[in-house]
Amino acid sequence: MIKAILIFNNHGKPRLIRFYQYFAEDMQQQIIRETFHLVSKRDDNVCNFLEGGSLIGGSDYKLIYRHYATLYFVFCVDSSESELGILDLIQVFVETLDKCFENVCELDLIFHMDKVHYILQEVVMGGMVLETNMNEIVAQVELQNRMEKSEGGLSGAPARAVSAVKNMNLPEMPRNINIGDINIKVPSLSPF
């Protein structure tokens, strides 16, 4: 089972953190620091598997990682997971991000965090692998994008709210509101 997915840059700044096992906030920060320290000190020509360190469970847990450009993709898993299977899963996740963002970079993970989390949820949920077919994942992401566009997304929400208020059928706006000792005068909201 996957216990955590950590993505951080070459300087140790977390870009995506997902724990599938409960850890207190300070323990999560220690795990991130220790994981970065363990992974970043390794040469590029060594194995991409190592024991999970003392904080996340010791010898029963493994860190499986890939280093792409400025980002480390680290999956913390228990001993029941296949190392090569997780390496393949990391590759599928990165290639899916690349297809969805057209040459994904660190800034895409920062400025489109909601989309990155959605893609991750299509791949892994609750620590279990859901989908490894990249075309199926991309199809679901495109379906989600179409649904957001048809609903107007977040950018359309203010316009819909203003339209709903304008279309309210109130006989007359109250001019003075009295609540106990508080007297509120409501200004005219008419644009004309």
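Tell me which of Tyr22, Phe8, His37 sits at the most positive position along the dipole axis of region 1-47, charges placed on C-beta atoms (Lys, Arg +1; Asp, Glu -1).
Phe8
Please report the Cα spread of region 1-44 along all three principal axes, rounded to whole Å, starting with the longest.
Projected onto its principal axes, the Cα set of region 1-44 covers 30, 23, 16 Å.
If you take the alpha carbon radius of gyration of region 1-156 and divide it by 2.2 N^0.38 Å, what ratio comes out, to two decimals?
Dividing the Cα Rg of region 1-156 by 2.2 N^0.38 Å gives 1.05.
Determine the sum of side-chain charges near Gln21: Lys and Arg each +1, Asp and Glu each -1, restricted to other residues whose C-beta is under 13 angstrom from that of Gln21.
So the environment of Gln21 carries a net charge of 0.
If Lys and Arg each add +1 and Asp and Glu each add -1, what is the summed charge of the other residues whose beta carbon sits under 12 Å from the beta carbon of Val123?
-4
Each value in this text was obtained by applying a stated rule to the coordinates, not by laboratory testing. Computed from a prediction, not measured in an experiment: that's the story for all the values here. Ideal geometry is used to build each Cβ from the backbone, glycine not excepted, and the neighbour counts take in all protein chains shown.
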